[in-house]
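**Student:** Pasting a structure below so you can have a look.
The values are calculated or read from the model by the stated rules, or taken from the named source; none is laboratory data. All of these numbers come straight from a predicted model, not from anything done at the bench. Quick reminder, even Gly has a Cβ in these numbers, built from the backbone with ideal geometry, and neighbours come from all protein chains shown.
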Amino acid sequence: MGKTSLIILSYQPIVMDALLRTFKSRENFMVVGSTGSSQDAEALAAQSKPDVMLLDCGLPDRGLTTMQKIQRVSPVTKIVIFTGIESAEHAVRSLDAGAVGYLSSACTRISVPAALDMIVTGQTVVSPHIATKAIGVMRSKVKERQVMDRQQLSSREEQIAKYLLRGWTNRAIAERVGLTEKTIKHYMSSLMQKFNAKNRVELAMTLPKSIEDKPRSGQTWLQ
């Protein structure tokens, strides 16, 4: 598997330096450009068509505007917001606008590359402490949809869906329920197909609210 090409846009020199050091120490990433200017970032994206653009947005509207410009010149680039704005509303706006990740700048040096690895494989990643709130915001904005009744989900699917709604990762769910991460991914794919969802975020939006409630008589959740 080849290296993931990456452009970093940050208006903060300290943040830029930290991100550059983080990714230069990772053999599976290749930083093809870094800048503190949105205009330069647009030019770099148009020229190199990177796999990922890590966008450190200082102001919400400024970040979204920059993202839209990048999408126009390089539609293949996956855009990840990296920010200190820990707002569920801003996270939702960013995802709605086409971002595939929303990471808090409080993330560790280990978790940021790991998140980008997941994003490159087609997943949408949101920092856990923001994800739960973002799901609530999404639900309040999404119109009522026809969804499957929980009777049509197996007890295992309900169990996994419940942990998804709590913002848990596949690995964390696998460890809790005693299955492999590969098996959990299979269940996630099955749930996404049933609910016509493209990713975990859309799945969380469309899952029946009743799944978060206590199980029916005769069922036991792992706590």
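**Student:** When the stretch 120-130 is examined, which residues are found to be within 21 Å of ARG166 (Cα to Cα) and not in a loop (DSSP other than H, G, I, E, B)?
**Tutor:** Listed by number, the residues that qualify are VAL125, VAL126, PRO128, HIS129, ILE130.
**Student:** Report the residue count in the stretch 104-138 for those that are touching a helix residue (DSSP H, G or I) at 6+ places or on another chain (Cβ under 6 Å) and at pLDDT below 80.
**Tutor:** 6
**Student:** Among the residues of the stretch 24-48 satisfying the criterion of being touching a residue at least 40 places away in the same chain (Cβ under 8 Å) and under 22 Å from the mean Cα position of the chain (by Cα), which is nearest to ILE81 (Cα to Cα)?
**Tutor:** Checking each candidate, the answer is PHE29.
**Student:** Just to be sure I understand the filter: pairs with C-beta atoms under 7 Å, separated by 6 or more residues or on different chains, first member in the stretch 102-121 and more than 13 Å from ILE79 (Cβ to Cβ) and in the same structural domain as SER10 (by TED's automatic domain parsing), second member among the aromatic types (Phe, Trp, Tyr) and part of a strand (DSSP E or B). Which pairs pass?
**Tutor:** Close Cβ pairs satisfying both conditions: SER105/PHE82; PRO113/PHE29.
**Student:** Moving on. Just one of GLU175, GLU181 is touching a Lys or Arg at 6+ places or on another chain (Cβ under 7 Å) and not hydroxyl-bearing (Ser, Thr, Tyr); which is it?
**Tutor:** Exactly one residue qualifies, and that residue is GLU181.
**Student:** Looking only at the stretch 181-200, filter to residues that are within 16 Å of the chain's Cα centre (by Cα), without any contact (Cβ under 8 Å) to a residue 12 or more places away in the chain and outside any helix (DSSP H, G or I); which one of those is surrounded by the most Cβ atoms within 10 Å (Cβ to Cβ)?
**Tutor:** Checked the stretch 181-200; the qualifying residue surrounded by the most Cβ atoms within 10 Å (Cβ to Cβ) is ALA197.
**Student:** Scan the stretch 76-99 for residues that are outside any helix (DSSP H, G or I) and surrounded by 19 or more Cβ atoms within 10 Å (Cβ to Cβ) and jot them down.
**Tutor:** Residues satisfying the conditions are THR77, LYS78, ILE79, VAL80, ILE81, PHE82, THR83, ALA99.
**Student:** Which residues, counting only those in the stretch 100-119, are assigned to a strand (DSSP E or B) and touching a Lys or Arg at 6+ places or on another chain (Cβ under 9 Å)?
**Tutor:** GLY101
**Student:** May I pose another question? When both residues are 6+ apart or on different chains and their Cβ atoms are under 8 Å apart, which pairs have a first residue that lies in the stretch 156-180 and is in contact (Cβ under 8 Å) with a residue 40 or more places away in the chain and in a helix (DSSP H, G or I), and a second that is surrounded by 19 or more Cβ atoms within 10 Å (Cβ to Cβ) and aromatic (Phe, Trp, Tyr)?
**Tutor:** ARG176/TYR163; ARG176/TRP168; VAL177/TYR163
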